[in-house]
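Undergrad: The structure's right below; bear with me while I get my questions together.
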Amino acid sequence: MKERLLPWAGSDGKPCYVIGDGVGYVSRVADQVESVQLGMAGRLLDHTAELLAEQEKQLTNEELHYLVRRFVESLTETKRIAESRGARVAAAADHGDLTG
């Protein structure tokens, strides 16, 4: 059985894991959540690039604070996804199965 770090934290902020073969319901939901999180990260990057390109517009402190908070959330999510995927690749390599 394989252990997978899920792309969300528990109510206490601790990591959540699922144990299984990677094809069950929770794994499919995790794949969908990861896809949404990565898509949102891409849109946040695009939006920020647009804001920074508008040189005539000065962002307020509130706008900057909001933007930084979203970046922290996004980086936390993408870091968790990267850790999860990295652990699954390492586990697959240890077992000689690079398809999992």
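Undergrad: Where the centre of each part is set by its Cα atoms, how far does region 59-100 sit from region 3-22, in angstrom?
TA: 13
Undergrad: Could you work out the per residue convex hull volume over the alpha carbons of region 2-94, in cubic angstrom?
TA: 104
Undergrad: Can you give the helix-only mean residue ellipticity at 222 nm for the chain, where every DSSP H stretch with n ≥ 4 adds -39500 (n - 2.57) and the sum goes over all residues, rounded to the nearest 500 deg cm²/dmol?
TA: -23000 deg cm²/dmol
Read-outs: derived from the displayed coordinates by stated rules, not from any lab. Just so we're clear, the structure is a prediction, and the values are computed from it rather than from any experiment.
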